[in-house]
Each structure stands twice: as structure tokens, then as C-alpha cells.
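*Asks:* The structure that follows is given in the form of C-alpha cells.
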Amino acid sequence: MTELLTPKLDLVFKSLFSQDTELLADLINAVLNPPMRRRIRSVELLNPGILPETIIQKFIILDIRASDETGRQYDIEMQVRKYDDYNQRTIYYLSRMYAEQLQAGDEYGALKPVIGIHFLDYEQFPEYRDYHFSFELRDQRYPELCLTEDLTLHIFEMPKFERLRGKAHHAGDMAEWLHFFNHAHEEGDRDMRTHYVNDKIFRAFDILETLSGDEKIRLLAAEREKALKDEASMLGSARRKGQKEGIKIGLEKGARTKAVNTAEKLLTIDVLSVEQIADATGLSLDEVRALRE
């Protein structure tokens, strides 16, 4: 059996759900958990293709954009790397999708809701003991008062799900999809059927096996993984350089503060000249004279 690619790689994730939009509709229903009569029946991909040149580009998001039969739009992402400005970038993307619906002369009432669904392979909110967060525009004092449901963001922290699994409220289709994302590349057919009830996930395994057996897809996946690792390395190097620069600046500020304090004390000794104090502290003559004034 061919070693399966991981659906946590954004290229594989997008390829998988682009192959079968019924799987994507099932995933969205698992997230939103609507009443049966309001479940999504079909979705249309708004950006189905993956341009080869984008795979190796840094800071490119291979997201899935889709709309359902009611006109609601979705931005679905699988993220394995952590951005310092993730929150701002996410709001910008969702707001842009919302605004781009209107053409000149259109009425605001024509706007349809935009829903973000992001799966993170890291913890964005480590201080909170939950793995699913849902953000909406609500009043602080009256949380039951929602300004609009047109902008919503669902975040799933997959590592935290692993630690909290086994709880009663972690059952159902969403738990099965999260388990699939975390473990599909490790599981054989026998293990697969012990973990899942949802027949859509069995279909997802079939597609994942097909993708994994495609040498072109495997090559693209390897290039994408390398690009993400290079990006993470670059970000880590920049972060370490910034920390070193911060330490250097802090030491320089501390040394100057100490020199000024020393000079102020020496200025109380009348027998010492400005030149002697400057030589002792490393301050310039003008700086010592300024302290004396």
C-alpha cells in the first residue's frame, strides 16, 4: 500500500476536497451543525485550481473558497505554520470576500454571509481549554445581541483536540473529520473502519489514496512541504535576529543609563573636571556639560 499523504498539508487538503464537493459540504455541515432541514446540499468551488507557481511561493495561502445554494460564501483553510499577524490577516481576507460581492450600484441587502473555517495545526489560544472557537460581531454587555451573522470565523486547534479527545462532547461528525486530518496518513484500512461511522470519510480515504499514488501530486506535495519549511526557517531566523537586536539595544540603553547616573554622582565632587568625568563614564564632553547645567 502506498504511504498516504497527510491532509494537513494545504495542497493535499485543497486537492482532496476539490475532487468531491459532497465531502466539502459534509465538512461544512459538521462545522455549522445546522438542523437537518437547513443542511447544505451542495457547494460550488470559487477557486478550484492550484497554480504550480504558487506552490513554492512563500506566504501563499492555498485556501478553498466556496459558496452554497443559499449564496453563503466560505473560506476554508488548513494552516500548519503560525503567523504573528494571523488575526489581522484573517479579518482582512473575510472582509474582502464580503466586500467583493457588491458591484457598483448594488444594494447592501444583496450581501451574503461569509464564513471562515480554519484548521490550525498549532494552538492560537493556548490559555483556553477548548479546541473550537467561533467569533461573531456581538455586543460586549449583551452577548445575545448580534449585530449581524454575516461575518463568522470558526477556528479548530487540532493538537488541542488530540489532548481533549474522549470527552462526551467531542463525538460526532466533526470529531471524525478532525481525527481524519490528524491521522489519515498513519491509518490502514483496518484502523480506518474502527474509527469512523461517516461514509463520507471512507470516500475521503479513497481520494487520498488516489492522490497519494499520483507521482505528480507527490512531487508537488514535496515541493510544497519544502517551501513551508523554508518559510518557517526564514521566519525563525528573522525572529531570532530581532530578539538579538532587542537585547543589544536593551544593553546599550542600560549601559547609557548607568553612565549617566555615574556622571551625575561624580559631578557632586567639585575637584573633578568635565574631562575627567567624561573619560570615566564614556560620555561625551557635551553630554557631561549638559548634565552639569
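Where a number appears in this text, it was derived from the coordinates with a stated rule and is not lab data. This structure is a prediction, so every number in the text was calculated from the model and none was measured. Ideal geometry is used to build each Cβ from the backbone, glycine not excepted, and the neighbour counts take in all protein chains shown.
*Asks:* Label Asp279 and Ala104 with points 7 Å out from Cα along Cα→Cβ: what is the distance between them in nm?
*Replies:* 7.7 nm
*Asks:* Still on this model: So for segment 1-151: antiparallel DSSP bridges make up what percent, rounded to the nearest 5?
*Replies:* Working: 9 of 17 bridges.
Of all bridge pairs located within segment 1-151, approximately 55 percent are antiparallel.
*Asks:* Let me ask something additional. Starting from the Cα gyration tensor of segment 36-151, take the square roots of the eigenvalues, sort them a ≥ b ≥ c, and report rounded, prolate or oblate (rounded when a/c is under 1.5, otherwise prolate if a/b is larger than b/c, else oblate). Could you put the intermediate results ahead of the total?
*Replies:* On the way: a/c = 1.58, a/b = 1.07, b/c = 1.48.
In terms of gyration-tensor shape, oblate.
*Asks:* With the cut-off at 20 Å, tell me which of the pairs Lys112/Lys200; Lys8/Lys229; Lys82/Lys229; Lys82/Lys226; Lys160/Lys226; Lys8/Lys200 have Cα atoms farther apart than that. Mind dumping the intermediate values first?
*Replies:* On the way: Lys112/Lys200 28 Å; Lys8/Lys229 14 Å; Lys82/Lys229 12 Å; Lys82/Lys226 16 Å; Lys160/Lys226 25 Å; Lys8/Lys200 18 Å.
Those over the limit are Lys112/Lys200; Lys160/Lys226.
*Asks:* Stokes-Einstein diffusion coefficient for the chain at 37 °C in a medium of 0.692 mPa s, Rh from the Kirkwood formula over Cα pairs: what value in µm²/s? Don't skip to the end; give the middle numbers.
*Replies:* Numbers: Rh = 23.1 Å.
The calculation lands on 142 µm²/s.
*Asks:* Shifting gears a bit: Over its Cα atoms, what ratio of radius of gyration to 2.2 N^0.38 Å does segment 85-135 give?
*Replies:* Details: Rg = 14.7 Å, N = 51, 2.2 N^0.38 = 9.8 Å.
Cα Rg divided by the expected 2.2 N^0.38 Å: 1.50.
*Asks:* In the chain, if the dipole is taken from +1 on Lys/Arg beta carbons and -1 on Asp/Glu beta carbons about the Cα centre, which of Ala184, Asn33, Ile277 is farthest to the positive end?
*Replies:* Ile277
*Asks:* Here's something else I'd like to know. Angle between the Cα long axis of helix 215-266 and the longest principal axis of the chain, 0 to 90 degrees, nearest 10?
*Replies:* Between helix and principal axis, roughly 20 degrees.
*Asks:* Can I ask one more? Using only helices, what value at 222 nm comes out for the chain when you add -39,500 (n - 2.57) per DSSP H run of length 4 or more and divide by the total residues, to the nearest 500 deg cm²/dmol?
*Replies:* Details: 11 runs with 147 residues, N = 293.
Taking each H run of at least 4 residues, the total per residue is -16000 deg cm²/dmol.
*Asks:* Rounded to the nearest 5, what % of DSSP beta bridges with both residues in the chain are antiparallel? Walk me through the numbers on the way to the answer.
*Replies:* Numbers: 13 of 27 bridges.
Here the antiparallel bridges make up roughly 50 percent for the chain.
*Asks:* Right, something else. Peptides 71-78, 15-22, 286-293: what's the order by average Cβ count within 10 Å, highest mean first?
*Replies:* Numbers: 71-78: 21.1, 15-22: 18.8, 286-293: 13.6.
Top to bottom by mean Cβ count within 10 Å: 71-78, 15-22, 286-293.
*Asks:* Between Arg203 and Asp84, what's the calculated FRET efficiency when r is the beta-carbon distance and R0 is 41 Å? Round to 0.05. Mind dumping the intermediate values first?
*Replies:* Details: r = 37 Å, r/R0 = 0.91.
Working from the Cβ atoms, E equals 0.65.
*Asks:* Here's something else I'd like to know. Taking amide hydrogens as modeled 1.01 Å from N in the peptide plane, which residues meet the under 5 Å criterion relative to Gln79, leaving out close sequence neighbours?
*Replies:* Phe119, Leu120, Asp121
*Asks:* Could you calculate the FRET efficiency of Ile61 with Leu145 from 1/(1 + (r/R0)^6), where r is the beta carbon distance between them and R0 is 30 Å, rounded to 0.05? Present the calculation step by step, with values, prior to reporting the outcome.
*Replies:* Details: r = 33 Å, r/R0 = 1.09.
For R0 = 30 Å, the calculated efficiency reads 0.40.
*Asks:* Ok, one more. Would you work out the Kirkwood radius for segment 253-292? I mean one over the mean of 1/r across all pairs of different Cα atoms, in Å.
*Replies:* Numbers: mean 1/r = 0.1027 Å⁻¹.
Answer for segment 253-292: a Kirkwood hydrodynamic radius of 9.7 Å.
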